[in-house]
Structures are given as C-alpha cells and as structure tokens.
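Inspection log for the structure reproduced underneath, given as structure tokens.
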Amino acid sequence: MAKEVFMPKLSSTMETGTLLQWFKQEGDPVEVGEPLLEVMTDKINIEVEAYEEGVLLKRYYDEDEEVPVNGIVGYIGEKDEQVPKERPGTEDKLEPESLPETPAQTAAEQTVETEKEGGVRATPAARKLSRDSGVELSLVQGSGAKGRIHAADVHAAADKENVRSTPLAEKEAQANNVDLSAVKGSGSYGKVMRADVTSLPAEEKLGSEPLQGVRKVVAERMQQSAGEVPHVTLHTEINMEAAMDLRSQLLPVIEKQTGQRLSVTELLMFVGSRALQKHPDVHASITDNRITKQSSVHMGVAVATERGLLVPVIRDTETKGLAELVAETKQTAAAARNGTLPGRDLSGSTFTISNLGMYAVDHFTPIINQPEAAILGVGRMQDKPVVIDGEIKVRLMMAVSLSFDHRIIDGAPAAAFLTDFKQMLEQPYQLFV
C-alpha cells in the first residue's frame, strides 16, 4: 500500500513549510534514508529523508510552494500503484502525534556526518547537485554553519557561471547592487549589456524580493502584535557609571573563566532577571484570555541574522551567575546566526530584551513578543549633562524603553519595575548583598 509523504513539523512554531526542492522525480526509486526533499521553515532549511522505500509515485507540490504542516506532499509505493491524482485536502491529513518525526532528525544528523567528505563541508543535496551540474564544490562559497555548502549555494554558483555579461554591465551591476543572473541580456547569445542593467525599472535595481522565510514570519508576528496588543511604552534614562565600572572589574575574571567577554546585554539580562523576580505582574503572559504569571525567567534576546530577526531563549536566567550567562548567551547567539540553533531554543521566552545600543539609536519603541507581557528596548550609552546636587555634571547615560501589554499590566506596576531596574543598574553592588 502506498505511503504518504508528509510536510514534517520541525519546530514548535512551524505552521507551514516552503518546499525548496525535490531530489527525486516521479517514477524514481527511493530508498530509506535518501534525501527526498528540502524544506524551509520559519527558522532553518533542512533536507527531509525518505522513511519508506519504493517508487516516488506522486508529487503534489511544486518547488517554492508553501505546504501546511502534516500536509501530504507525495506518495511512495510500488510501481504503477494507484494514488490520488489530485492534491489531498486537509481531511486526508493525519494528526500530528501519529506522524513519524525520526526522518527529519535523521536528516540533520546525516547531513552533519557527510559534510566533511572530500575535505569540503557540504550537504548531501549540495553534493548531488554538484555532480549533476558540474560545479566544483571547492569553488563554492558556503552559506551554512562553518562554511557548509547548501544546495542553494551550488545553484547560485551555477547561475553565476552561466551569466554572460560585458565588463561594463558587471561594473554597473556592482555599483547598483543588481543580480546579473536576474537580468535578461540583449546581446549575442543572451549576453548582458550595460544598457540591460541601466534600463531596469527602479524596483528591480533595488533588488526587490518576495517576503518569505524568517522575514515573512517576523512581519506577520510584528503586525499581529502591533494590531492586537494595546502597547504602552515608558521611557527613562539610566546612569551607567557604576554598572560599567562593575563590568570593567568583572571582564578579566569572566574572560579567564569562559574565554568570552562580558557584554552590556548580558549585564542587562542578569539585572533584568532579578528585577522580574520582584515584579511578577510584569513577568507574565496572556493566552486565551488567561493571564499566567511566570516563575522562571526565560530571557529572549533579539539577534539580527542574515536570515532575519531571531529571538533565541536563555532559560532560568534568574538562577545563573554572570559567567554562566555569558558562556551560554554567546554560544546560543552564535548558533542562531549560523542557523544551527534547535527550534526548541527559539521559543518559550517569558521576557525579551532588544539592545540597539551598538548603533546611533537613543530611543525606540519595541514591539511586544507575544504572548509576553512586556519587552525592554535599549538605546546607546553616551555622555550627557545631568543635574546632581544642584550642579551640572557629565555622566554616562543610557536610554531604555519598556513596552507593555496594557491588558495585562497597568501603568503603575510597569513603572515600578522600570524604576527598580534603573536603581539596580545605578547601584549594582547591592545585588551582591
């Protein structure tokens, strides 16, 4: 009997996956463990292996199509076995708990095992594509973790090799950030001429692209939060002189223990976790019209990656010392940027910090990461004149903004939390009493 091939659920937040490519054509033999298709989730790209052997009888989705989790994307069975001609509807889906989860996990594991073959780190799909296209893997720049080459990298390299253009066209494209592979050439045999680049509509010169992947997920969640949640934002400035003195003293100690430098973000996580413990009204979430006050602080940290904004989660931060917090945060943020962070580490936060202090940003209004009750936005530190005991003095000041869900929190408790957070940073040595 033919077996269904499902769109696997690869993270707790995944609702749909984009089918990037099939590795098999209809009628091709399939063995258990062979890469069958590549899927892009809201967080990662992953190759899905076959968990049945036989013949690929049917493919219901084309490449770049979105498929709901647990949707049937194809069938594997015996040759000439009959399967539905039309794409099965939602009524044909199995419940999530009855679906096999092992193949996706196995795919990730086997990808790692094979990536060092031949001295080049590459996925099985990339190696197959390399053999089929003739593109030498050693000449391809990998976009994955530690330079691992994905199939998309081989595609890009093949496209680049196939583009024929004049030097002036290349110069014009480089100056205007135009992808030559997307330009139709008017020269002999399709060679791209300078006029082909300069005559492009403005939106094509700007490299417009569809909203997809992580960017699409971020856009949907931000729009939903901004539209549904009544945001109120409180602003204050914090004298960071004492906190930065403390950081300077702890830097060599923590660096000796962990090999990593203590950042301002980790200092804010440490202090913020202690402040949240004192203010359970702020450390809450809302789901299905029920407010839940959280016990353990699972701190989300907004991280900008090439794939879009991610919020990896550091758990139980109220129990961790600064050295442990530094080591875990650095490791988690690096994994998020490399695209190797497990999906479970991208969900379940109870409070989020978004730090833009490394840019020329004084204040901003952060959007709440639902279902959390509040989010803290951090601006840059800079010397400012302040009045102390009737005299104007220069101090290192940092602006912070607390956006909170007014359905969950009133203004007074939110202001009390922000006041405590400010005092803890201005008198950080009291944290050790």
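The values are calculated or read from the model by the stated rules, or taken from the named source; none is laboratory data. Note that the structure is predicted; figures quoted are calculated from it, not measured. Glycine also receives a Cβ, built like all others from the backbone with ideal geometry; neighbour counts cover every protein chain displayed. Side chains are part of the model used for accessible areas, which takes the heavy atoms of the whole protein and leaves out ligands, DNA and RNA. Shrake-Rupley method; radii C 1.70, N 1.55, O 1.52, S 1.80 Å.
With the condition kept exactly as written, say whether any residue in segment 239-261 is open to solvent by 30 Å² or more (accessible area, probe 1.4 Å) and part of a strand (DSSP E or B).
yes
Within segment 412-432, can one find any residue that is open to solvent by 30 Å² or more (accessible area, probe 1.4 Å), in contact (Cβ under 8 Å) with a residue 24 or more places away in the chain, among the aliphatic types (A, V, I, L, M) and within 26 Å of Gly227 (Cβ to Cβ)?
Yes: segment 412-432 contains one or more residues that are open to solvent by 30 Å² or more (accessible area, probe 1.4 Å), in contact (Cβ under 8 Å) with a residue 24 or more places away in the chain, among the aliphatic types (A, V, I, L, M) and within 26 Å of Gly227 (Cβ to Cβ).
For the condition open to solvent by 20 Å² or more (accessible area, probe 1.4 Å), in a strand (DSSP E or B) and more than 26 Å from Asn338 (Cβ to Cβ), what is the one hit in Glu66, Glu4?
Glu4
Would you say Asp345 is at pLDDT below 95, closer than 24 Å to Ala412 by Cα and surrounded by 16 or more Cβ atoms within 10 Å (Cβ to Cβ)?
For Asp345, the condition - at pLDDT below 95, closer than 24 Å to Ala412 by Cα and surrounded by 16 or more Cβ atoms within 10 Å (Cβ to Cβ) - is not met.
Of Gly54, Gly33, Gly17, which residue is modelled with pLDDT of 80 or more and farther than 28 Å from Val218 by Cα?
Result of the check over Gly54, Gly33, Gly17: Gly54.
Could you check segment 45-61 and list, in sequence order, the residues that are closer than 14 Å to Ile72 by Cβ, open to solvent by 20 Å² or more (accessible area, probe 1.4 Å) and hydrophobic (A, V, I, L, M, F, W, C)?
Within segment 45-61, just Leu57 meets the criteria.
Within segment 263-270, is even one residue over 21 Å from Phe432 (Cβ atoms), open to solvent by less than 30 Å² (accessible area, probe 1.4 Å) and of a type in the set (S, T, N, Q)?
No, that holds for no residue.
Tell me the residue from Gly144, Gly74 that is small (Gly, Ala, Ser) and at pLDDT 75 or above, please.
Every option except Gly74 fails the conditions.
Check off (1) surrounded by 15 or more Cβ atoms within 10 Å (Cβ to Cβ); (2) under 29 Å from Gly321 (Cβ atoms); (3) not aromatic (Phe, Trp, Tyr) for Gln370 and give me the number that stays unchecked.
Failing condition for Gln370: (2).
Pick from Ala169, Ala125, Ala202, Ala158: which is modelled with pLDDT under 70, touching a strand residue (DSSP E or B) at 6+ places or on another chain (Cβ under 6 Å) and over 30 Å from Thr365 (Cβ atoms)?
From the options Ala169, Ala125, Ala202, Ala158, the qualifying one is Ala125.
Given (1) under 11 Å from the mean Cα position of the chain (by Cα); (2) more than 22 Å from Gly142 (Cβ to Cβ), where does Gly308 come up short, assuming only one miss?
Condition not satisfied by Gly308: (2).
Have a look at Leu36, Leu20 and point out the one that is outside any loop (DSSP other than H, G, I, E, B), under 30 Å from Leu309 (Cα atoms) and free of Cβ contacts under 8 Å to residues at least 60 places away in the same chain.
Matching residue, one of Leu36, Leu20: Leu36.
Return yes when Glu318 is free of Cβ contacts under 8 Å to residues at least 40 places away in the same chain and either over 30 Å from Glu241 (Cα atoms) or not β-branched (Val, Ile, Thr) (or both) and no when it is not.
no
Picking from Ala304, Ala275, which residue would you name as being open to solvent by 60 Å² or more (accessible area, probe 1.4 Å), closer than 25 Å to Met398 by Cβ and of a type in the set (Gly, Ala, Ser)?
The unique qualifying residue is Ala304.
Let me confirm something: among Leu234, Leu309, which residue is surrounded by fewer than 19 Cβ atoms within 10 Å (Cβ to Cβ), closer than 18 Å to Val378 by Cα, among the hydrophobic types (A, V, I, L, M, F, W, C) and modelled with pLDDT under 95?
Leu309
Could you check Lys293 against (1) more than 15 Å from the chain's Cα centre (by Cα); (2) over 22 Å from His231 (Cα atoms); (3) surrounded by fewer than 17 Cβ atoms within 10 Å (Cβ to Cβ) and say which number it fails?
(2)
If you scan segment 234-277, which residues turn out to be polar (S, T, N, Q) and closer than 28 Å to Gly411 by Cα?
Listed by number, the residues that qualify are Thr236, Asn239, Thr265, Ser273, Gln277.
Just one of Val400, Val378 is open to solvent by less than 50 Å² (accessible area, probe 1.4 Å), of a type in the set (Val, Ile, Thr), touching a helix residue (DSSP H, G or I) at 6+ places or on another chain (Cβ under 8 Å) and farther than 16 Å from Val232 by Cβ; which is it?
After applying the criteria, what remains is Val378.
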